[in-house]
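Reading through the structure tokens given below for one structure.
The values are calculated or read from the model by the stated rules, or taken from the named source; none is laboratory data. Keep in mind the model is a prediction, meaning the values are calculated, not measured. Heads up, the Cβs are rebuilt from the backbone with ideal geometry, glycines too, and the neighbour counts pull from every protein chain shown.
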Ligand code: ADP
Ligand code: UDP
């Protein structure tokens, strides 16, 4: 597969066109950003670990019937993916209270959330990705009711699958962000990445933080934490 020119460079990845108009290459960079890129660093090896962890998770989800853009890993930091039109909604699924939920609503950190919460954020860097409601989504015509309903159900199914996947590996899935897109046939596909950059992952025993909060909160040792996540999830898909 020949990689052609970059079509988009984001905060953590570069998207390349290929000689097939239906396929893109995603290249995972070492750039780390937080608070909508107000905080920045380059953390050597982060891109490689995110690509490997994400590939493993997409393969696991695919083996459980979750259609996604993931085709295959091309190298340590590159994926071949189906090109989609990203729906500009970031879905956040929460099992335990943390981060912006606690700040915004004064909810006690670490409070269990059952059933899980699904939140919608408008994917717009220039507006700092504001939280919004389904009514805003329909008014802004970002997607129709049937599609949002399908995406929400899919997100909750992915949460069930990932909660048990991580739990079996000694990790608590606190919360995470998902993106979906439409392929050329109009199928809704899970897209982007699922990695410690976009999830909160805590060690089940010690509650040690194994995700990007290590960078957001200046805790250090981000790479050892991501390596430990990868070590626990590599191997046979089950
Ligand atoms: P951001 O745009 O938030 O800075 P990234 O640096 O991760 O994020 O850039 C990757 C971009 O590629 C994101 O905007 C994401 O929505 C988009 N993307 C992910 N998967 C696909 C895909 N299969 N087809 C088209 N775009 C995609
Ligand atoms: N998240 C993300 N991208 C974003 C915003 C959030 O991947 O642009 C993830 C984040 O890593 C966490 C979850 O979504 O796992 C919930 O994040 P939250 O709303 O608590 O925001 P934060 O505290 O990160 O500002």
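Points to keep in mind about this one:
- The set of residues from the stretch 119-166 being touching a residue at least 60 places away in the same chain (Cβ under 8 Å), on the phi > 0 side of the Ramachandran plot and out of contact with any strand residue (DSSP E or B) (no Cβ under 6 Å at 6 or more places or on another chain) comprises just one member, 128.
- Criterion violated by residue 187 - all others in (1) at positive phi; (2) in contact (Cβ under 8 Å) with a residue 40 or more places away in the chain satisfied: (1)
- Residues in the stretch 164-174 that are closer than 22 Å to residue 69 by Cβ and either in a strand (DSSP E or B) or within 14 Å of ligand 1 (Cβ to nearest atom) (or both): 173 alone.
- The stretch 84-109, residues that are in contact (Cβ under 8 Å) with a residue 40 or more places away in the chain and either within 16 Å of ligand 1 (Cβ to nearest atom) or assigned to a loop (DSSP other than H, G, I, E, B) (or both): 84, 85, 86, 87, 88, 89, 90, 91, 92, 98
- For the stretch 184-198, the criterion of a residue being closer than 21 Å to residue 102 by Cα, within 13 Å of the chain's Cα centre (by Cα) and crowded, with 23+ Cβ neighbours inside 10 Å is satisfied by at least one position.
- Residues located in the stretch 8-40, provided they are part of a strand (DSSP E or B) and surrounded by fewer than 13 Cβ atoms within 10 Å (Cβ to Cβ): 8, 39, 40
- Residues being in contact (Cβ under 8 Å) with a residue 60 or more places away in the chain and more than 23 Å from residue 200 (Cβ to Cβ) - total across the stretch 54-68: 2
- Residue in the stretch 109-122 that is over 23 Å from residue 36 (Cα atoms), in contact with a helix residue (DSSP H, G or I) (Cβ under 7 Å, 6 or more places away or on another chain) and at pLDDT 95 or above present: yes
- Conditions (1) without any contact (Cβ under 8 Å) to a residue 24 or more places away in the chain; (2) touching a strand residue (DSSP E or B) at 6+ places or on another chain (Cβ under 8 Å); (3) closer than 22 Å to residue 155 by Cβ; (4) within 11 Å of ligand 1 (Cβ to nearest atom): number failed by residue 10: (2)
- Set 237, 233, 194: member being modelled with pLDDT under 95 and touching a helix residue (DSSP H, G or I) at 6+ places or on another chain (Cβ under 6 Å): 237
- Only a single item in (1) more than 16 Å from the chain's Cα centre (by Cα); (2) within 12 Å of ligand 1 (Cβ to nearest atom); (3) closer than 20 Å to residue 233 by Cα; (4) in contact (Cβ under 8 Å) with a residue 60 or more places away in the chain is not met by residue 50, and it is number (1).
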